[in-house]
Amino acid sequence: MSFSILASAADSAGTPAWAMLAYLVAGVFFILALRGLSSPASSRAGNRYGMVGMLLAVVTTLVTHDIANIAEIGIAMFLGGIIGITVARKIAMTAMPELVAGFHSLVGLAAVVVGLAAWLDPQSFGITDSAGQIFMVSRIELGLGIAIGAITFSGSVIAFLKLSGRMSGNPILLPMRHVINLGTLAAILGLIAAYAVSGAGGAGEGQLIIYVTVLAFIIGFLLIIPIGGADMPVVVSMLNSYSGWAAAAMGFTLGNSAMIITGALVGSSGAILSYIMCRAMNRSFISVIAGGFGADDSAGGGEAREARPYKQGSADDAAFMLEQAEKVIIIPGYGMAVAQAQHVLREMADLLKEKGVDVKYAIHPVAGRMPGHMNVLLAEANVPYDEVFELEDINSEFAQADVAFIIGANDVVNPAAKTDKSSPIYGMPVFDVDKAKQVFFIKRSMGGVGYAGVDNDVFYMDQTMMLLSDAKKMVEEINKALD
């Protein structure tokens with residue numbers, strides 16, 4: 001009974017029943033992949049499920065396609081594969097966040113190109129009626145797909161520039177930005193509606209879809225530039241969601257069930273992750289979509305700082321106090337990624353555990369430059385999963401900790417998030433490292449601040465010892481003193 005219904009639906013869509021079934025199985029693998037990726041312990045299995053599902057979907061599409069020449073597709077896949085392999089082999093882990101943003105931009109651009117191609121040659125895509133007019137529903141799909149894709153592209157380009165340091169990580173605040181953003185979004189939706197009900201052909205119809213494309217490129221830019229560095233991990237997650245919805249919209253245009261399923265899964269999971277991260281950061285989810293969240297017109301990140309006294313220590317000092325401690329909580333940040341210090345950090349933790357010290361790792365939801373950045377680095381160093389804790393699970397333990405060991409983090413331990421309403425990170429939950437008996441803070445120099453550009457009072461606390469050095473070099477010296 002169910003198979004006959006599937007076959008009937010497949011015939012009406014021009015897709016063989018076995019292909020629909022294959023896409024359904026691929027969708028199941030994608031769901032299993034998301035389930036596996038929800039935990040570091042099962043992430044490798046999740047990746048394998050995703051690879052199998054994508055392979056099945058791609059092969060099915062290649063067998064059933066009737067638009068492009070198979071040789072052309074093969075050449076495109078070969079060239080894309082070569083570029084992907086080259087980038088994957090050369091990219092450093094520290095550059096992974098901007099790489100992800102760059103890939104998101106390509107997904108968005110692909111959606112725009114496919115949408116414009118379908119608009120220019122709708123007969124080849126099978127989206128016209130007997131009179132040669134594009135179906136109204138297809139017009140809506142085209143408009144939304146192009147708009148979401150263009151927003152994803154331009155927004156991801158700005159995220160790439162911010163993450164790679166080619167653009168300031170500080171919020172760039174335009175006057176009346178919320179009014180401009182809402183007005184532009186309303187204009188895009190209005191133009192899509194007008195295009196959906198417009199007649200066939202004519203310069204007016206062409207202008208409508210071009211206007212949608214141009215305005216969508218502009219709004220993607222406007223939505224991301226007001227967002228400061230501390231909120232960029234949420235931006236990466238949200239752009240991932242946008243890219244999924246763009247792919248889903250193009251799936252409807254192409255009549256490809258696999259794209260619809262995959263795009264919907266990516267879009268919904270990205271939105272859910274963004275919502276979870278917003279709650280963890282005490283941000284408004286609606287503000288993420290509107291743009292400029294985490295930024296305030298009075299935010300003063302990057303202002304000149306007055307010289308304040310601080311205590312500087314050595315690796316020997318740190319090693320002596322670490323081995324005397326009963327409980328040590330390690331807080332890694334982007335500086336650890338830059339120095340590639342995760343392996344020597346795990347060695348330090350192993351040495352301390354051999355001496356009877358209780359060692360735990362505290363991971364903030366936005367540590368690094370993308371969701372899960374620190375988790376990936378620690379997993380790469382074979383840090384046991386049961387030693388890694390999220391903010392809400394470990395923050396209460398700092399009061400009982402002998403040492404809070406901060407390596408390359410800054411904004412996620414900055415008390416300004418709780419006390420300074422003018423700070424660009426105000427309202428973001430941070431680790432209560434000030435409650436620990438002793439704080440070791442590894443950073444290259446006192447001249448630098450976090451990605452949000454905010455000075456940190458933790459540097460100057462009585463129980464804080466600044467370990468000014470490259471993170472990997474400092475931990476290596478501590479390990480020598482511990483051994």
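Per-residue accessible area for S422 at 1.4 Å probe radius, Å² rounded to 10?
50
Please give the FRET efficiency for V137 paired with F320, using the beta carbon to beta carbon distance and R0 = 56 Å, rounded to the nearest 0.05.
Numbers: r = 71 Å, r/R0 = 1.27.
The calculated FRET efficiency here is 0.20.
For K435, list the lysines whose Cα falls under 22 Å from its own Cα; do not include residues on the same chain fewer than 8 positions away.
Result set, ordered by chain and number: K311, K327, K360, K418, K421, K443.
Okay, helix-only estimate at 222 nm for the chain: each DSSP H run of n ≥ 4 adds -39500 (n - 2.57), divide by all residues, round to 500 deg cm²/dmol; what do you get?
Numbers: 19 runs with 286 residues, N = 483.
Taken over the chain, the calculation gives -19500 deg cm²/dmol.
How many nm is it between the label spots at D129 and A71, if each spot is 7 Å from the Cα in line with the beta carbon?
About 3.9 nm, to one decimal.
Order the peptides 241-248, 35-42 from the highest to the lowest mean number of other Cβ atoms within 10 Å of their residues. If you can, show how the numbers build up before the last one.
On the way: 241-248: 26.5, 35-42: 14.5.
Final packing ranking: 241-248, 35-42.
Sort out for me the Cα centre separation of region 349-389 from region 399-445, rounded to whole Å.
After rounding, the separation between the Cα centres reads 17 Å.
What does the charge dipole of the chain about its Cα centre add up to, to the nearest 20 debye, if the Cβ of each Lys and Arg holds +1 and the Cβ of each Asp and Glu holds -1? Display every interim value, and only then the final one.
Details: 29 positive and 40 negative charges, 110 e Å.
Computed charge dipole of the chain: roughly 540 debye.
With +1 on the Cβ of every Lys and Arg and -1 on the Cβ of every Asp and Glu, and nothing else charged, how large is the dipole of region 97-221 about its Cα centre, in debye rounded to the nearest 20? All intermediate terms of the calculation are to be shown ahead of the outcome.
Working: 4 positive and 5 negative charges, 92 e Å.
Rounded to the nearest 20 debye, it is 440 debye.
So if I take the centroid of the Cα atoms in region 153-184 and the same for region 34-88, what is the distance between those two points in Å?
Rounded to whole Å, the Cα centres lie 31 Å apart.
Under the rule a/c < 1.5 gives rounded, and otherwise a/b versus b/c splits prolate from oblate, where does the chain land using the Cα gyration tensor?
Details: a/c = 2.78, a/b = 1.78, b/c = 1.56.
Prolate shape, in that a/c is at least 1.5 and a/b is the bigger ratio.
For the pair L174 and I82, what calculated FRET efficiency results from E = 1/(1 + (r/R0)^6), where r is the Cβ-Cβ distance and R0 = 41 Å, to the nearest 0.05?
Values: r = 40 Å, r/R0 = 0.99.
For R0 = 41 Å, the calculated efficiency reads 0.50.
Measure off 7 Å from each Cα along the Cα-to-Cβ vector at D483 and E380, then give the distance between these two points in nanometres to one decimal.
With each label point 7 Å from Cα toward Cβ, the separation is 2.2 nm.
How high is the relative contact order of region 24-141, in percent, with contacts defined as C-alpha pairs under 8 Å that are six or more residues apart? Spell out each step's value before the answer.
Details: 52 pairs, mean separation 16.6, N = 118.
Computed value for region 24-141: 14 percent relative contact order.
Using a 10 Å Cβ count of at most 14 others and DSSP loop calls, identify the longest part of the chain lacking such GluC sites (Glu not before Pro).
Numbers: sites that count: E303, E306, E326.
Longest gap between qualifying sites, sites excluded: 1-302.
Which FRET efficiency value, to the nearest 0.05, is calculated for T184 and I91 with the Förster distance at 35 angstrom and r the Cβ-Cβ distance?
Between T184 and I91 the formula returns 0.55.
If amide H atoms are built 1.01 Å from N in the plane of the peptide, which residues on other chains or at least 5 residues away come under 5 Å of the amide H of D358?
Those qualifying (amide H under 5 Å, at least 5 residues apart or on another chain) are K327, V328.
Please compute the modelled spin-label separation between Q207 and F221, points set 7 Å along Cα→Cβ, answer in nm with one decimal.
About 2.2 nm separates the two model spin labels.
How charged is the neighbourhood of V344? Take every other residue with its Cβ under 14 Å from the Cβ of V344, and add Lys/Arg as +1 and Asp/Glu as -1. Mind dumping the intermediate values first?
Numbers: positive: R346, K472, K473, K480; negative: E347, D350, E380, D470, E476, E477, D483.
Within the 14 Å Cβ shell, the charges total -3.
With every protein chain present, what is the per residue accessible area of the chain (1.4 Å probe, Å²)? Intermediate values should be presented prior to the final figure.
Details: 21900 Å² over 483 residues.
Counting only protein heavy atoms, the per-residue value for the chain is 45 Å².
What residue among F441, I261, N47 has its Cα farthest toward the positive end of the dipole of the chain, where the charges are +1 on Lys, Arg and -1 on Asp, Glu, each on the Cβ?
I261
At 1.4 Å probe size, with the rest of the protein present, what percent of the exposed accessible area of the chain is carbon and sulfur atoms? Each step should come with its number before you reach the end.
Details: 13810 of 21900 Å².
It is 63 percent, rounded to a whole number.
For a protection proxy built on the mean count of beta-carbon atoms within 10 angstrom, sort 359-368, 266-275, 107-116 highest first, please.
On the way: 359-368: 24.9, 266-275: 19.5, 107-116: 22.1.
For the peptides 359-368, 266-275, 107-116, the packing ranking is 359-368, 107-116, 266-275.
Report the trypsin sites (Lys or Arg not before Pro) located in region 378-483 that are in a DSSP loop and have at most 12 other Cβ atoms inside 10 Å of their Cβ, or state none.
Details: sites: K418, K421, K435, K437, K443, R444, K472, K473, K480; in loops: K421, K437, R444.
Listed in order of number, the matching sites are K421.
The values are calculated or read from the model by the stated rules, or taken from the named source; none is laboratory data. Worth saying up front: this structure is predicted, and the values here are computed from it rather than measured. A quick note on method: Cβ atoms are made from the backbone with ideal geometry, for glycine too, and the neighbour counts reach across all protein chains shown. Remember, those area values only see protein heavy atoms, side chains included, never the ligands or the DNA or RNA. Shrake-Rupley method; radii C 1.70, N 1.55, O 1.52, S 1.80 Å.
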